[in-house]
1. K310: which lysines have alpha carbons under 25 Å from its alpha carbon, excluding same-chain residues fewer than 8 sequence positions away?
2. Starting from a Cα-only point model with no solvent, please compute log10 I(q)/I(0) by Debye for the stretch 84-215 at q = 0.12, 0.16 1/Å.
3. Write down the radius of gyration of the stretch 26-95 and its Dmax, each obtained from C-alpha positions, in Å.
4. Can you work out ³J(HN,Hα) from phi for every residue in the stretch 171-179, in order, using Karplus 6.51 cos²θ - 1.76 cosθ + 1.60 and θ = phi - 60°, giving whole Hz and x for Gly and Pro?
5. Which of K217/K296; K131/K384; K100/K163 have a Cα-Cα distance over 32 Å?
6. Can you tell me the dipole magnitude for the chain around its Cα centre, using point charges on the Cβ only (Lys, Arg +1; Asp, Glu -1), in Debye to the nearest 20?
7. Give the calculated FRET efficiency between Q197 and S103 to the nearest 0.05, with a Förster radius of 41 Å applied to their Cβ-Cβ distance.
8. Write down the radius of gyration of the chain and its Dmax, each obtained from C-alpha positions, in Å.
Amino acid sequence: MIEITNIDEIDIFRSFVDKRVLSFDGYEETVKQIITDVKNRGDDALFEYTRRFDKFDPEKEGISVEESEFNEAVKSIPSHHREIIECAADRIYKFHEVFKPKSSFIEEDGAILGVRITPIKKAGLYVPGGKAAYPSTALMTIIPAVVAGVEDIQVVTPSIGGKANPYVLFVAKMFGIKRVYKVGGAQAIAALAYSTQTVSKVDVIAGPGNIYVAVAKKLVFGDVSIDSVAGPSEVMVVADSSANPEYVARDLLSQAEHDELAGCFFVGLDKELTEKVEKRFIELANSNPRANITQKSKDNAVFVYTNDLKIAAELVDEASPEHLELHIERTYEFMNMLNNAGAIFMGEYSTEPIGDYVAGPNHTLPTASTARFFSPLSCDTFMKKSSIVHFSRSGFERVAKCASDFAEIEGLYAHKNAVDVRLDGGS
Ligand SMILES: NC(=O)c1ccc[n+]([C@@H]2O[C@H](COP(=O)([O-])OP(=O)(O)OC[C@H]3O[C@@H](n4cnc5c(N)ncnc54)[C@H](O)[C@@H]3O)[C@@H](O)[C@H]2O)c1
Ligand SMILES: N[C@H](CO)Cc1c[nH]c[nH+]1
Ligand SMILES: [Zn+2]
(Lines give C-alpha, C1' and ligand atoms only; values in the text may rest on other atoms or scores of the structure.)
(Ligands and ions follow the chains in the order given, each with its own letter.)
Protein backbone atom coordinates (compact mmCIF):
# COMPACT_ATOMS: atom_id res chain seq x y z
CA MET A 1 0.00 0.00 0.00
CA ILE A 2 1.21 3.50 -0.85
CA GLU A 3 0.10 6.37 1.37
CA ILE A 4 -0.44 9.79 -0.24
CA THR A 5 -1.71 12.46 2.10
CA ASN A 6 -0.08 15.48 0.49
CA ILE A 7 -0.53 16.61 -3.13
CA ASP A 8 3.30 16.84 -3.51
CA GLU A 9 3.55 13.08 -3.00
CA ILE A 10 1.46 12.34 -6.09
CA ASP A 11 4.70 11.65 -8.05
CA ILE A 12 4.91 8.17 -6.51
CA PHE A 13 1.67 7.24 -8.23
CA ARG A 14 2.56 9.14 -11.42
CA SER A 15 5.77 7.15 -11.81
CA PHE A 16 3.85 3.87 -11.39
CA VAL A 17 1.44 4.89 -14.18
CA ASP A 18 4.23 6.22 -16.43
CA LYS A 19 6.37 3.12 -15.99
CA ARG A 20 3.54 0.86 -17.18
CA VAL A 21 2.68 3.09 -20.17
CA LEU A 22 6.34 3.61 -21.14
CA SER A 23 6.96 -0.14 -21.09
CA PHE A 24 4.54 -0.36 -24.05
CA ASP A 25 7.04 1.56 -26.20
CA GLY A 26 9.22 -1.55 -26.07
CA TYR A 27 6.84 -3.24 -28.53
CA GLU A 28 7.11 -0.55 -31.21
CA GLU A 29 10.13 -1.95 -33.07
CA THR A 30 8.59 -5.42 -33.46
CA VAL A 31 5.26 -3.96 -34.54
CA LYS A 32 6.90 -1.54 -37.02
CA GLN A 33 8.68 -4.46 -38.66
CA ILE A 34 5.45 -6.45 -38.99
CA ILE A 35 3.63 -3.46 -40.50
CA THR A 36 6.40 -2.74 -43.01
CA ASP A 37 6.56 -6.38 -43.98
CA VAL A 38 2.81 -6.63 -44.63
CA LYS A 39 2.88 -3.33 -46.51
CA ASN A 40 5.65 -4.61 -48.78
CA ARG A 41 4.76 -8.28 -49.20
CA GLY A 42 0.96 -8.35 -48.69
CA ASP A 43 -0.60 -11.78 -48.21
CA ASP A 44 2.79 -13.55 -48.14
CA ALA A 45 3.73 -11.69 -44.96
CA LEU A 46 0.20 -11.80 -43.52
CA PHE A 47 0.13 -15.58 -43.94
CA GLU A 48 3.64 -16.01 -42.54
CA TYR A 49 2.79 -14.16 -39.30
CA THR A 50 -0.51 -16.01 -39.03
CA ARG A 51 1.37 -19.31 -39.36
CA ARG A 52 3.81 -18.18 -36.65
CA PHE A 53 1.41 -16.69 -34.09
CA ASP A 54 -1.95 -18.34 -34.76
CA LYS A 55 -0.67 -21.84 -35.52
CA PHE A 56 -2.31 -22.75 -38.80
CA ASP A 57 -1.37 -22.60 -42.44
CA PRO A 58 -3.43 -20.00 -44.32
CA GLU A 59 -1.91 -21.22 -47.59
CA LYS A 60 -3.73 -24.51 -47.13
CA GLU A 61 -6.73 -23.49 -45.05
CA GLY A 62 -7.42 -19.93 -46.25
CA ILE A 63 -8.13 -16.87 -44.13
CA SER A 64 -11.59 -15.97 -45.46
CA VAL A 65 -14.54 -17.39 -43.56
CA GLU A 66 -16.64 -19.27 -46.10
CA GLU A 67 -20.44 -19.40 -46.21
CA SER A 68 -20.39 -23.01 -44.93
CA GLU A 69 -18.32 -22.00 -41.87
CA PHE A 70 -20.82 -19.22 -41.06
CA ASN A 71 -23.72 -21.67 -41.37
CA GLU A 72 -22.03 -24.32 -39.24
CA ALA A 73 -21.27 -21.71 -36.59
CA VAL A 74 -24.85 -20.51 -36.45
CA LYS A 75 -26.11 -24.09 -36.15
CA SER A 76 -23.68 -24.87 -33.35
CA ILE A 77 -24.94 -22.13 -30.97
CA PRO A 78 -27.41 -23.49 -28.40
CA SER A 79 -30.67 -21.55 -28.30
CA HIS A 80 -30.16 -20.27 -24.74
CA HIS A 81 -26.81 -18.80 -25.81
CA ARG A 82 -28.49 -17.10 -28.78
CA GLU A 83 -30.94 -15.52 -26.38
CA ILE A 84 -28.09 -14.20 -24.20
CA ILE A 85 -26.35 -12.66 -27.20
CA GLU A 86 -29.61 -11.22 -28.57
CA CYS A 87 -30.47 -9.69 -25.20
CA ALA A 88 -27.08 -7.93 -25.05
CA ALA A 89 -27.27 -6.96 -28.74
CA ASP A 90 -30.66 -5.38 -28.27
CA ARG A 91 -29.48 -3.14 -25.42
CA ILE A 92 -26.24 -2.17 -27.18
CA TYR A 93 -28.09 -1.43 -30.44
CA LYS A 94 -30.66 0.81 -28.73
CA PHE A 95 -27.99 2.75 -26.86
CA HIS A 96 -25.95 3.40 -30.01
CA GLU A 97 -29.03 4.36 -32.02
CA VAL A 98 -30.02 7.00 -29.43
CA PHE A 99 -26.54 8.53 -29.36
CA LYS A 100 -25.91 8.43 -33.13
CA PRO A 101 -24.80 11.94 -34.09
CA LYS A 102 -27.17 13.86 -36.34
CA SER A 103 -26.61 16.63 -38.86
CA SER A 104 -27.72 20.03 -37.64
CA PHE A 105 -28.15 23.50 -39.10
CA ILE A 106 -28.81 27.03 -37.92
CA GLU A 107 -30.54 29.69 -39.94
CA GLU A 108 -29.70 33.37 -39.73
CA ASP A 109 -30.81 36.27 -41.84
CA GLY A 110 -29.81 35.21 -45.36
CA ALA A 111 -27.66 32.22 -44.37
CA ILE A 112 -27.87 28.55 -43.49
CA LEU A 113 -24.87 27.23 -41.56
CA GLY A 114 -24.40 23.77 -40.24
CA VAL A 115 -22.75 20.42 -39.89
CA ARG A 116 -23.60 17.53 -42.20
CA ILE A 117 -22.70 14.14 -40.75
CA THR A 118 -22.17 11.18 -43.06
CA PRO A 119 -20.87 7.64 -42.53
CA ILE A 120 -17.30 6.68 -43.36
CA LYS A 121 -17.44 4.25 -46.29
CA LYS A 122 -15.05 1.44 -45.33
CA ALA A 123 -14.41 0.09 -41.85
CA GLY A 124 -12.14 -2.67 -40.55
CA LEU A 125 -13.19 -4.10 -37.19
CA TYR A 126 -10.80 -5.94 -34.88
CA VAL A 127 -12.29 -8.62 -32.64
CA PRO A 128 -9.66 -10.03 -30.27
CA GLY A 129 -9.13 -13.75 -30.04
CA GLY A 130 -5.68 -14.63 -28.75
CA LYS A 131 -6.04 -15.86 -25.19
CA ALA A 132 -9.86 -15.83 -25.28
CA ALA A 133 -12.49 -15.13 -27.92
CA TYR A 134 -14.59 -11.97 -27.56
CA PRO A 135 -18.08 -12.29 -29.09
CA SER A 136 -19.11 -9.34 -26.89
CA THR A 137 -16.51 -7.24 -28.73
CA ALA A 138 -17.99 -8.39 -32.04
CA LEU A 139 -21.25 -6.77 -30.85
CA MET A 140 -19.45 -3.66 -29.59
CA THR A 141 -17.65 -3.04 -32.90
CA ILE A 142 -20.20 -4.24 -35.47
CA ILE A 143 -23.28 -2.56 -33.96
CA PRO A 144 -22.00 1.05 -34.01
CA ALA A 145 -20.63 0.57 -37.54
CA VAL A 146 -23.98 -0.78 -38.76
CA VAL A 147 -26.00 1.90 -36.93
CA ALA A 148 -23.70 4.60 -38.35
CA GLY A 149 -24.46 3.31 -41.86
CA VAL A 150 -21.00 2.07 -42.94
CA GLU A 151 -21.39 0.42 -46.36
CA ASP A 152 -18.35 -1.80 -46.40
CA ILE A 153 -17.36 -3.70 -43.26
CA GLN A 154 -14.54 -6.22 -42.87
CA VAL A 155 -13.92 -8.06 -39.60
CA VAL A 156 -10.56 -9.51 -38.61
CA THR A 157 -10.20 -11.92 -35.72
CA PRO A 158 -7.30 -14.22 -34.85
CA SER A 159 -8.39 -17.82 -35.06
CA ILE A 160 -5.88 -19.97 -33.26
CA GLY A 161 -5.52 -23.30 -35.06
CA GLY A 162 -7.53 -21.99 -38.02
CA LYS A 163 -11.07 -22.17 -36.63
CA ALA A 164 -12.88 -18.86 -36.14
CA ASN A 165 -14.87 -18.57 -32.93
CA PRO A 166 -18.47 -19.63 -33.78
CA TYR A 167 -19.97 -17.00 -31.46
CA VAL A 168 -18.08 -14.23 -33.25
CA LEU A 169 -19.32 -15.61 -36.58
CA PHE A 170 -22.85 -15.81 -35.22
CA VAL A 171 -22.72 -12.10 -34.34
CA ALA A 172 -21.24 -11.22 -37.75
CA LYS A 173 -23.98 -13.16 -39.53
CA MET A 174 -26.65 -11.55 -37.32
CA PHE A 175 -25.68 -8.15 -38.77
CA GLY A 176 -25.13 -9.29 -42.36
CA ILE A 177 -21.31 -9.09 -42.31
CA LYS A 178 -19.95 -11.30 -45.09
CA ARG A 179 -16.22 -10.62 -44.94
CA VAL A 180 -14.52 -12.08 -41.86
CA TYR A 181 -10.80 -12.86 -42.00
CA LYS A 182 -9.00 -15.24 -39.67
CA VAL A 183 -6.05 -12.99 -38.93
CA GLY A 184 -5.04 -11.00 -35.87
CA GLY A 185 -2.34 -8.96 -34.19
CA ALA A 186 -0.31 -6.19 -35.83
CA GLN A 187 -0.38 -8.01 -39.17
CA ALA A 188 -4.18 -7.80 -39.33
CA ILE A 189 -4.10 -4.07 -38.55
CA ALA A 190 -1.45 -3.54 -41.26
CA ALA A 191 -3.54 -5.48 -43.79
CA LEU A 192 -6.57 -3.26 -43.10
CA ALA A 193 -4.49 -0.09 -43.24
CA TYR A 194 -2.57 -0.84 -46.45
CA SER A 195 -4.39 -3.82 -48.09
CA THR A 196 -3.08 -7.19 -49.23
CA GLN A 197 -4.25 -9.42 -52.07
CA THR A 198 -7.07 -10.68 -49.79
CA VAL A 199 -7.87 -7.87 -47.37
CA SER A 200 -8.88 -4.46 -48.73
CA LYS A 201 -7.76 -1.08 -47.40
CA VAL A 202 -10.23 0.67 -45.10
CA ASP A 203 -10.79 4.26 -43.98
CA VAL A 204 -11.18 3.51 -40.28
CA ILE A 205 -9.96 0.70 -38.03
CA ALA A 206 -11.81 0.13 -34.76
CA GLY A 207 -11.77 -2.42 -32.00
CA PRO A 208 -9.58 -3.38 -29.07
CA GLY A 209 -6.72 -5.81 -28.71
CA ASN A 210 -3.53 -6.66 -26.91
CA ILE A 211 -0.39 -4.55 -26.90
CA TYR A 212 0.62 -5.57 -30.46
CA VAL A 213 -2.78 -4.52 -31.78
CA ALA A 214 -2.84 -1.27 -29.79
CA VAL A 215 0.67 -0.25 -30.88
CA ALA A 216 -0.12 -1.15 -34.51
CA LYS A 217 -3.23 1.04 -34.50
CA LYS A 218 -1.21 3.91 -33.07
CA LEU A 219 1.40 3.50 -35.83
CA VAL A 220 -1.05 3.39 -38.75
CA PHE A 221 -3.10 6.32 -37.41
CA GLY A 222 -2.95 9.14 -39.94
CA ASP A 223 -2.99 6.78 -42.91
CA VAL A 224 -6.36 5.60 -41.59
CA SER A 225 -8.56 6.78 -38.77
CA ILE A 226 -8.83 4.76 -35.58
CA ASP A 227 -11.32 4.67 -32.71
CA SER A 228 -8.63 4.99 -30.01
CA VAL A 229 -5.65 3.18 -28.58
CA ALA A 230 -7.75 0.46 -26.95
CA GLY A 231 -5.14 -1.92 -25.57
CA PRO A 232 -4.67 -4.03 -22.41
CA SER A 233 -7.59 -3.41 -20.07
CA GLU A 234 -7.51 -1.17 -16.99
CA VAL A 235 -9.71 -0.52 -14.02
CA MET A 236 -9.40 2.07 -11.31
CA VAL A 237 -11.58 1.95 -8.21
CA VAL A 238 -12.05 4.82 -5.79
CA ALA A 239 -13.72 3.69 -2.57
CA ASP A 240 -14.55 5.06 0.85
CA SER A 241 -15.51 3.33 4.09
CA SER A 242 -19.01 2.64 2.75
CA ALA A 243 -17.54 0.24 0.13
CA ASN A 244 -17.72 -3.55 0.21
CA PRO A 245 -14.07 -4.76 -0.05
CA GLU A 246 -15.16 -8.10 -1.53
CA TYR A 247 -16.96 -6.37 -4.42
CA VAL A 248 -13.98 -4.10 -5.03
CA ALA A 249 -11.36 -6.89 -5.01
CA ARG A 250 -13.45 -8.96 -7.41
CA ASP A 251 -13.92 -6.02 -9.79
CA LEU A 252 -10.16 -5.40 -9.85
CA LEU A 253 -9.54 -9.05 -10.60
CA SER A 254 -12.09 -9.07 -13.42
CA GLN A 255 -9.86 -6.78 -15.46
CA ALA A 256 -6.56 -8.37 -14.41
CA GLU A 257 -8.00 -11.54 -15.96
CA HIS A 258 -7.79 -10.07 -19.49
CA ASP A 259 -4.04 -9.77 -19.76
CA GLU A 260 -0.99 -9.74 -17.55
CA LEU A 261 -0.39 -6.20 -18.85
CA ALA A 262 -3.82 -5.11 -17.55
CA GLY A 263 -3.68 -2.23 -15.05
CA CYS A 264 -5.48 -2.30 -11.68
CA PHE A 265 -5.45 0.91 -9.64
CA PHE A 266 -7.11 1.18 -6.26
CA VAL A 267 -7.54 4.41 -4.30
CA GLY A 268 -9.00 4.03 -0.83
CA LEU A 269 -10.23 6.93 1.25
CA ASP A 270 -10.07 4.71 4.31
CA LYS A 271 -6.85 3.00 5.46
CA GLU A 272 -8.43 -0.13 6.85
CA LEU A 273 -10.48 -0.62 3.67
CA THR A 274 -7.37 -0.19 1.50
CA GLU A 275 -5.51 -2.87 3.46
CA LYS A 276 -8.50 -5.22 3.24
CA VAL A 277 -8.90 -4.73 -0.53
CA GLU A 278 -5.19 -5.32 -1.21
CA LYS A 279 -5.13 -8.45 0.93
CA ARG A 280 -8.27 -9.85 -0.67
CA PHE A 281 -7.06 -9.04 -4.21
CA ILE A 282 -3.83 -10.96 -3.61
CA GLU A 283 -5.71 -13.88 -2.02
CA LEU A 284 -8.07 -14.09 -4.99
CA ALA A 285 -5.23 -13.69 -7.47
CA ASN A 286 -3.36 -16.58 -5.85
CA SER A 287 -6.32 -18.89 -5.63
CA ASN A 288 -8.03 -18.33 -8.93
CA PRO A 289 -6.40 -20.61 -11.52
CA ARG A 290 -9.12 -19.99 -14.12
CA ALA A 291 -8.41 -16.25 -14.10
CA ASN A 292 -4.73 -16.93 -14.88
CA ILE A 293 -3.26 -14.12 -12.77
CA THR A 294 0.54 -14.08 -12.94
CA GLN A 295 3.17 -12.26 -10.90
CA LYS A 296 3.31 -9.71 -13.73
CA SER A 297 -0.44 -9.08 -13.29
CA LYS A 298 0.13 -8.46 -9.58
CA ASP A 299 3.00 -6.07 -10.40
CA ASN A 300 0.54 -4.12 -12.57
CA ALA A 301 -1.73 -3.53 -9.56
CA VAL A 302 -1.30 -0.65 -7.13
CA PHE A 303 -3.09 0.19 -3.86
CA VAL A 304 -3.09 3.77 -2.63
CA TYR A 305 -4.51 5.25 0.54
CA THR A 306 -5.33 8.94 0.73
CA ASN A 307 -7.53 10.84 3.17
CA ASP A 308 -8.27 13.62 0.69
CA LEU A 309 -10.99 13.54 -2.01
CA LYS A 310 -9.14 16.18 -4.07
CA ILE A 311 -6.00 14.04 -4.14
CA ALA A 312 -8.13 11.04 -5.15
CA ALA A 313 -9.52 13.05 -8.09
CA GLU A 314 -5.97 14.09 -9.09
CA LEU A 315 -4.91 10.44 -9.03
CA VAL A 316 -7.76 9.56 -11.39
CA ASP A 317 -6.70 12.24 -13.87
CA GLU A 318 -3.06 11.07 -13.58
CA ALA A 319 -4.07 7.53 -14.55
CA SER A 320 -6.86 8.57 -16.97
CA PRO A 321 -8.02 4.95 -16.74
CA GLU A 322 -10.08 2.97 -19.19
CA HIS A 323 -12.68 2.16 -16.49
CA LEU A 324 -13.33 4.05 -13.28
CA GLU A 325 -15.55 2.60 -10.57
CA LEU A 326 -16.77 4.85 -7.77
CA HIS A 327 -17.70 3.05 -4.56
CA ILE A 328 -18.20 6.20 -2.54
CA GLU A 329 -21.15 8.00 -1.02
CA ARG A 330 -21.04 11.21 -3.07
CA THR A 331 -20.42 9.75 -6.54
CA TYR A 332 -21.75 12.63 -8.66
CA GLU A 333 -19.96 15.28 -6.60
CA PHE A 334 -16.69 13.34 -6.98
CA MET A 335 -17.23 12.79 -10.71
CA ASN A 336 -17.43 16.55 -11.17
CA MET A 337 -13.96 16.89 -9.63
CA LEU A 338 -12.24 14.87 -12.37
CA ASN A 339 -11.88 14.90 -16.15
CA ASN A 340 -10.40 11.75 -17.57
CA ALA A 341 -11.81 8.23 -17.69
CA GLY A 342 -13.03 6.07 -20.59
CA ALA A 343 -16.14 4.96 -18.68
CA ILE A 344 -17.35 5.83 -15.19
CA PHE A 345 -19.31 3.26 -13.18
CA MET A 346 -21.31 4.84 -10.39
CA GLY A 347 -22.02 2.94 -7.21
CA GLU A 348 -21.43 -0.64 -6.09
CA TYR A 349 -24.02 -2.25 -8.37
CA SER A 350 -22.48 -0.79 -11.51
CA THR A 351 -19.76 -3.40 -11.62
CA GLU A 352 -17.54 -3.14 -14.69
CA PRO A 353 -18.52 -6.52 -16.23
CA ILE A 354 -22.11 -5.25 -16.52
CA GLY A 355 -20.64 -2.63 -18.85
CA ASP A 356 -18.62 -5.29 -20.70
CA TYR A 357 -21.75 -7.14 -21.73
CA VAL A 358 -25.16 -5.56 -21.30
CA ALA A 359 -25.30 -1.98 -20.03
CA GLY A 360 -25.43 -0.55 -23.56
CA PRO A 361 -22.50 1.91 -23.82
CA ASN A 362 -19.50 0.56 -25.70
CA HIS A 363 -16.91 -1.52 -23.86
CA THR A 364 -14.17 -0.56 -26.34
CA LEU A 365 -12.40 2.23 -24.52
CA PRO A 366 -9.11 4.14 -24.60
CA THR A 367 -6.26 2.78 -22.47
CA ALA A 368 -2.70 3.74 -21.45
CA SER A 369 -3.83 7.18 -20.25
CA THR A 370 -5.20 8.10 -23.69
CA ALA A 371 -8.61 8.79 -22.14
CA ARG A 372 -7.07 12.26 -21.77
CA PHE A 373 -8.02 12.83 -25.42
CA PHE A 374 -9.75 9.72 -26.85
CA SER A 375 -13.39 8.71 -26.31
CA PRO A 376 -15.26 5.40 -26.24
CA LEU A 377 -15.93 3.66 -29.54
CA SER A 378 -19.34 4.84 -30.78
CA CYS A 379 -21.20 5.72 -33.98
CA ASP A 380 -19.00 8.85 -34.05
CA THR A 381 -16.00 6.59 -34.79
CA PHE A 382 -17.62 5.69 -38.11
CA MET A 383 -18.94 9.12 -39.06
CA LYS A 384 -17.40 12.37 -40.19
CA LYS A 385 -18.56 15.92 -40.53
CA SER A 386 -18.70 18.43 -43.36
CA SER A 387 -19.43 22.07 -42.64
CA ILE A 388 -22.29 23.57 -44.66
CA VAL A 389 -22.17 27.22 -45.72
CA HIS A 390 -25.02 28.73 -47.77
CA PHE A 391 -25.41 32.52 -48.20
CA SER A 392 -28.09 34.29 -50.16
CA ARG A 393 -27.33 37.72 -51.74
CA SER A 394 -28.65 39.57 -48.68
CA GLY A 395 -26.77 37.34 -46.22
CA PHE A 396 -23.59 37.78 -48.27
CA GLU A 397 -23.96 41.56 -48.23
CA ARG A 398 -24.13 41.52 -44.42
CA VAL A 399 -20.72 39.82 -44.01
CA ALA A 400 -18.84 40.59 -47.23
CA LYS A 401 -17.07 43.76 -46.09
CA CYS A 402 -15.77 42.00 -42.98
CA ALA A 403 -14.34 39.16 -45.11
CA SER A 404 -12.89 41.54 -47.69
CA ASP A 405 -11.16 43.66 -45.02
CA PHE A 406 -9.85 40.56 -43.22
CA ALA A 407 -8.30 39.35 -46.48
CA GLU A 408 -6.53 42.70 -46.71
CA ILE A 409 -5.10 42.25 -43.20
CA GLU A 410 -3.64 38.93 -44.36
CA GLY A 411 -2.41 40.47 -47.62
CA LEU A 412 -4.37 37.90 -49.63
CA TYR A 413 -5.72 40.02 -52.48
CA ALA A 414 -7.14 37.17 -54.57
CA HIS A 415 -9.32 36.33 -51.57
CA LYS A 416 -10.38 39.97 -51.26
CA ASN A 417 -11.21 40.18 -54.96
CA ALA A 418 -13.31 37.01 -54.90
CA VAL A 419 -15.52 38.78 -52.37
CA ASP A 420 -15.40 42.25 -53.93
CA VAL A 421 -16.30 41.02 -57.42
CA ARG A 422 -19.67 39.99 -56.03
CA LEU A 423 -20.17 43.35 -54.30
CA ASP A 424 -19.17 45.82 -56.96
CA GLY A 425 -17.46 43.98 -59.78
CA GLY A 426 -14.03 44.01 -57.96
CA SER A 427 -10.80 45.30 -59.50
N1 LIG B 1 -9.43 -1.50 -24.23
C2 LIG B 1 -10.50 -2.19 -24.57
O3 LIG B 1 -11.53 -1.64 -24.91
C4 LIG B 1 -10.44 -3.70 -24.58
C5 LIG B 1 -11.61 -4.45 -24.83
C6 LIG B 1 -11.52 -5.84 -24.89
C7 LIG B 1 -10.28 -6.46 -24.77
N8 LIG B 1 -9.17 -5.69 -24.55
C9 LIG B 1 -7.84 -6.27 -24.50
O10 LIG B 1 -7.68 -7.08 -25.67
C11 LIG B 1 -6.62 -7.97 -25.44
C12 LIG B 1 -6.94 -9.34 -25.97
O13 LIG B 1 -5.69 -9.96 -26.10
P14 LIG B 1 -5.43 -11.36 -26.74
O15 LIG B 1 -3.96 -11.58 -26.73
O16 LIG B 1 -6.29 -12.35 -26.07
O17 LIG B 1 -5.97 -11.27 -28.23
P18 LIG B 1 -5.59 -10.31 -29.46
O19 LIG B 1 -6.51 -10.69 -30.56
O20 LIG B 1 -5.58 -8.90 -29.05
O21 LIG B 1 -4.10 -10.69 -29.87
C22 LIG B 1 -3.76 -11.91 -30.45
C23 LIG B 1 -2.70 -11.64 -31.51
O24 LIG B 1 -1.54 -11.09 -30.90
C25 LIG B 1 -0.42 -11.35 -31.71
N26 LIG B 1 0.74 -11.74 -30.90
C27 LIG B 1 0.75 -12.55 -29.82
N28 LIG B 1 2.01 -12.71 -29.37
C29 LIG B 1 2.82 -12.01 -30.21
C30 LIG B 1 4.22 -11.79 -30.28
N31 LIG B 1 5.06 -12.33 -29.38
N32 LIG B 1 4.70 -11.01 -31.26
C33 LIG B 1 3.86 -10.42 -32.16
N34 LIG B 1 2.52 -10.61 -32.14
C35 LIG B 1 2.01 -11.39 -31.18
C36 LIG B 1 -0.79 -12.50 -32.62
O37 LIG B 1 -0.78 -12.04 -33.92
C38 LIG B 1 -2.22 -12.88 -32.21
O39 LIG B 1 -3.01 -13.14 -33.35
C40 LIG B 1 -6.33 -7.92 -23.94
O41 LIG B 1 -5.18 -7.15 -23.74
C42 LIG B 1 -7.54 -7.20 -23.36
O43 LIG B 1 -7.25 -6.54 -22.18
C44 LIG B 1 -9.23 -4.34 -24.48
N1 LIG C 1 -13.27 -5.32 -20.17
C2 LIG C 1 -12.98 -5.33 -21.59
C3 LIG C 1 -12.58 -3.92 -21.98
O4 LIG C 1 -11.40 -3.57 -21.37
C5 LIG C 1 -14.14 -5.78 -22.44
C6 LIG C 1 -14.57 -7.22 -22.26
C7 LIG C 1 -15.05 -8.07 -23.19
N8 LIG C 1 -15.35 -9.22 -22.57
C9 LIG C 1 -15.12 -9.09 -21.30
N10 LIG C 1 -14.62 -7.87 -21.09
ZN1 LIG D 1 -13.71 -7.25 -19.29
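1. Excluding near neighbours in sequence, the set is K19, K271, K276.
2. -0.50, -0.79
3. Values for the stretch 26-95 (Cα only, Rg and Dmax): 18.2, 46 Å.
4. 5, 4, 5, 3, 10, x, 7, 9, 9
5. On the way: K217/K296 24 Å; K131/K384 34 Å; K100/K163 34 Å.
Over 32 Å apart, Cα to Cα: K131/K384; K100/K163.
6. 1420
7. The formula returns an efficiency of 0.60 here.
8. Calculated on Cα positions, Rg and Dmax stand at 25.0, 84 Å.
The values are calculated or read from the model by the stated rules, or taken from the named source; none is laboratory data. Keep in mind that this is a model prediction, so the values were computed, not measured. Because the Cβ atoms are built from the backbone with ideal geometry, glycine has one as well, and the counts that use them run over all protein chains shown. For accessibility, only protein heavy atoms count, side chains too; no ligands or nucleic acids. Shrake-Rupley method; radii C 1.70, N 1.55, O 1.52, S 1.80 Å.
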